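*Asks:* Pasting a structure below so you can have a look.
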Amino acid sequence: MTRVILVTGGAGFIGSALIRYLIAETDCTVVNIDCLTYASNLNALAAISDSSRYHFIQGSICNSELIKDALERFKPDAIMHLAAESHVDRSITGSDQFIQTNIVGTFNLLEAARAYYSTLSEDKRADFRFHHISTDEVYGDLGNEGVFTEDSSYNPSSPYSATKAAADHLVRAWHRTYALPILITNSSNNYGPFQHSEKLIPQTISNALAGKPIPIYGNGLQVRDWLYVEDHVTALYKVLCKGRVGETYNIGGSCEKRNIDVVNLICKQLEELAEGNPNSLKCSQGQIGFKSLISYVEDRAGHDVRYAIDSSKVQSELGWKPIETFESGIRKTVEWYIAELRRIRPVNNT
């Protein structure tokens, strides 16, 4: 069945990867609603922007009329909700916009979806889904042992994760109270092409190539489960198509790494790619010595020590598993950023 999918936040990092996948690998029509904040990047959609199956609406999910009009105009078969303020550091210094977008915006979207759903025919209602894409950070600090499962208690630490937890609860409440057919996914840390420069991996790559200090919070021993973004979006589509209504699915890469080990691996791969590679960027460090740029800085307030995801449910029920290892995914990411930075800042290698 050909679907019309409304994607919120489709110019963001994960949203744009999802739309690229939907246009390239499925016959779905995609409607992208994004208000184009600092975290949005329309260049990430350049490859598919001319497709007749892609439509873009600039606007905020806090605008109820805009959402209502989009639903009436395009009559989607599903909503995949990714629009969110997602940068933890920004939530600590200014939480207002996180509350507006992540909580109020999700409420607006749920109410618009509920009204729209009530107008659908019986067949259309049976197929309609509201898929809310969330984060493992809602579960809080895991400690040294164990993994997050779909039954883990919520214990968010930052204003960002608290607002995402609130959004998760709203989505579940609209299912329980109004029978809106929902799906929720909570993923681990994503990485890959087009990620915003404030995030750990792109910041490490760009700073290293520019010869600038590579900041590491605290002692760098914080552990995260890493997931290549293109693996994530295949899981999202699996959940949309095959997931059980009302269920939550955790999506992770089964790849726990300490932050300092992530940075060290990036530095190692940068040195390998730089050596004798005419397509690499030169930097003030030359071809070696990127690790010398590592600089430990004051730890983030309320910084969670460890996250780890149990993805066995989505793997066993829906047949999904990640393709990329962390090493292969990081190499692809480093190669992409080298090429991108070279495109932006051409370097004379003669």
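*Asks:* Scan the chain and hand back the longest stretch that contains none of the chymotrypsin sites (Phe, Trp or Tyr not before Pro) lying in DSSP loops with at most 16 other Cβ atoms within 10 Å.
*Replies:* 155-350
*Asks:* In square nanometres and to one decimal, what's the mean projected area of the convex hull around the Cα atoms of the range 1-99?
*Replies:* Numbers: hull surface 25.6 nm².
That works out to 6.4 nm².
*Asks:* Could you tally the net charge around Trp320, taking each other residue with its Cβ under 11 Å from the Cβ of Trp320, Lys/Arg +1 and Asp/Glu -1?
*Replies:* Net of charged neighbours comes to +2.
*Asks:* Let me spell out the model: positive unit charges on the Cβ of Lys and Arg, negative unit charges on the Cβ of Asp and Glu, origin at the Cα centre of the chain. What dipole size does that give, in debye rounded to 20? Numbers along the way, then the final one.
*Replies:* Details: 34 positive and 41 negative charges, 107 e Å.
Computed charge dipole of the chain: roughly 520 debye.
*Asks:* Convert 10 °C to kelvin, take the viscosity as 1.306 mPa s, use the Kirkwood radius over C-alpha pairs of the chain as Rh, and evaluate the Stokes-Einstein diffusion coefficient in µm²/s, rounded to a whole number. Write out the running numbers ahead of the final one.
*Replies:* Details: Rh = 20.9 Å.
Here the translational diffusion coefficient equals 76 µm²/s.
*Asks:* Next question, about the same structure. Nearest 500 deg cm²/dmol is fine: what mean residue ellipticity at 222 nm does the chain get from its DSSP H runs of n ≥ 4 alone, each adding -39,500 (n - 2.57), divided by its residue count?
*Replies:* -12000 deg cm²/dmol
*Asks:* Evaluate the range 192-258: find the radius of gyration of its Cα atoms, find its Kirkwood radius, and give the ratio Rg to Rh.
*Replies:* Ratio value, two decimals: 1.10.
*Asks:* Using DSSP, restrict attention to beta bridges with both residues in the chain and report what percent are antiparallel, rounded to the nearest 5. It would help to have the intermediate numbers written out before the result.
*Replies:* Numbers: 3 of 40 bridges.
Roughly 10 percent of the beta bridges in the chain run antiparallel, per DSSP.
*Asks:* Can you count the Lys pairs in the range 141-281 whose Cα atoms are under 25 Å apart, with each pair 8 or more apart or on different chains?
*Replies:* Lysine pair count for the range 141-281: 10.
*Asks:* Going by the alpha-carbon gyration tensor, a ≥ b ≥ c the square roots of its eigenvalues, is the range 32-87 rounded (a/c under 1.5) or, if a/c is not under 1.5, prolate (a/b greater than b/c) versus oblate?
*Replies:* oblate
*Asks:* Rounded to the nearest angstrom and ordered from largest down, what semi-axes does the equivalent ellipsoid of the range 143-286 get from its C-alpha gyration tensor (root of 5λ)?
*Replies:* 36, 17, 13
*Asks:* Which value, in debye to the nearest 20, gives the size of the charge dipole of the range 139-225 about its Cα centre, when Lys and Arg are +1 and Asp and Glu are -1 at the Cβ?
*Replies:* 300
*Asks:* Could you tell me whether the range 90-213 comes out rounded, prolate or oblate from its Cα gyration tensor? Rule is a ≥ b ≥ c as square roots of the eigenvalues, rounded for a/c under 1.5, then prolate if a/b exceeds b/c, otherwise oblate.
*Replies:* Because a/c hits 1.5 or more and a/b exceeds b/c, the range 90-213 counts as prolate.
*Asks:* Could I ask something else about it? Order by neighbour count: Arg343, Arg258, fewest other Cβ atoms within 10 Å first, most last.
*Replies:* Arg343, Arg258
Just so you know, all these numbers are worked out from the coordinates, no wet-lab data involved. No experiment lies behind these values; they were computed from the predicted model shown. In this analysis, Cβ positions are derived from the backbone assuming ideal geometry, glycine residues included, and neighbour counts consider all displayed protein chains.
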